[in-house]
Amino acid sequence: MLPAIIFRQVQRPLHHGAATLEHVLGVGGSSFVNCLNRYAAATGFIRISFLDIKRRRNYELARLRIYADEKKQSLHLRTLQGRHLLQGVIERKNFLVDDIREARHKVQERVREKIDEIREERENIMTIPNMLTISRAVLSPYIGYVIVQGDFTLGMSLLAFAGITDLLDGQIARRWPSQASKFGSFLDPMADKLLMGSLVISLCYTDLLPMWLMGIVVFRDVFLLGAGFVIRYISLPPPKTFSRYFDATHVTAQLEPTLLSKINTGVQLATIGLSLGAPIWNYLDHPALQGLWYLTGLTTAATALSYVMNRHNTFKIIQKKT
């Protein structure tokens, strides 16, 4: 609007000197003023229009800058939050990795300890004393069969061979420690009980041994055999599987015979031998033989009671190392 005001102010002197201005410009004074007013008005409108557009553009640019700054600040905050989250995840991952490594190390150590325990518990059972004991156990039913058939001379010879193997396996195990085994401590008395059971049953069948003595000996041996199976189950560490239960190399307990049981074994062998030799040397009704029967029954019952009363000292459970 400024050009219009200026030209309107210039309009007044033109009335006084219209002739001069008309003479100079060659037009009428009123027409010239009207042209100037129109030009001023048009020029002012145009300038005002351009000014409004520029202000509008600057306003939009300012809003865009504010919006961009807000977005930039929000993105920066989100970036910082994401960075903190990522750092926390990395730290957790490192903790988890350390925990996993530590747990794996503990598991490996535990597995090694278990393997060492198993290796220590397993032993070599293929020793000379064990082979002699097994041969005696295998030979026991055949000796009983020979006695039942009435061949007492052959039965006496086989019984003498079994007695020799019983002496040899004990001597070898004591003289050479490498040949001793915990499995042999169970195998030897089991073989003796199998031999005694076969002999007393066959002798009782041929009327060379009284029925009551056979009952005492068999009952005692069956009782001890059942106790051995129970102790095997109790001493076996978990997992208690069928294969581990009958694994002879996995020893969990050891039998320590008492002095009374050793005496009883000798008395039983003497009774069996003398009873088997009675029809050969003709002393079937000798009083000394009958007295030996009573002595054998007494010592057999006493050993059964000793096993029950001193079971903690008779069966030694092999504890695992801690």
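The values are calculated or read from the model by the stated rules, or taken from the named source; none is laboratory data. Note that this is a predicted model, so its numbers are computed, not measured. As a convention, Cβ positions derive from the backbone with ideal geometry for all residues, glycine included, and neighbour counts pool all protein chains shown. All accessible areas refer to the heavy atoms of the entire protein, side chains included, with ligands and DNA or RNA removed. Shrake-Rupley method; radii C 1.70, N 1.55, O 1.52, S 1.80 Å.
Things worth noting here:
- Listing of helices (runs of 4 or more DSSP H) fully contained in the range 168-284 that carry 3 or more residues being without any contact (Cβ under 8 Å) to a residue 12 or more places away in the chain: 211-235, 242-245, 259-281
- Test: residue in the range 234-243 that is crowded, with 16+ Cβ neighbours inside 10 Å, modelled with pLDDT under 90 and farther than 21 Å from Gly266 by Cβ: yes
Let's see how each residue does on (1) at pLDDT below 85; (2) open to solvent by 40 Å² or more (accessible area, probe 1.4 Å):
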| position | (1), (2) |
| --- | --- |
| Glu123 | yes, yes |
| Pro129 | yes, no |
| Ile134 | no, yes |
| Ile147 | no, no |
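- The listed residue being surrounded by 19 or more Cβ atoms within 10 Å (Cβ to Cβ) and modelled with pLDDT under 80, out of Gly155, Gly184, Gly170: Gly184
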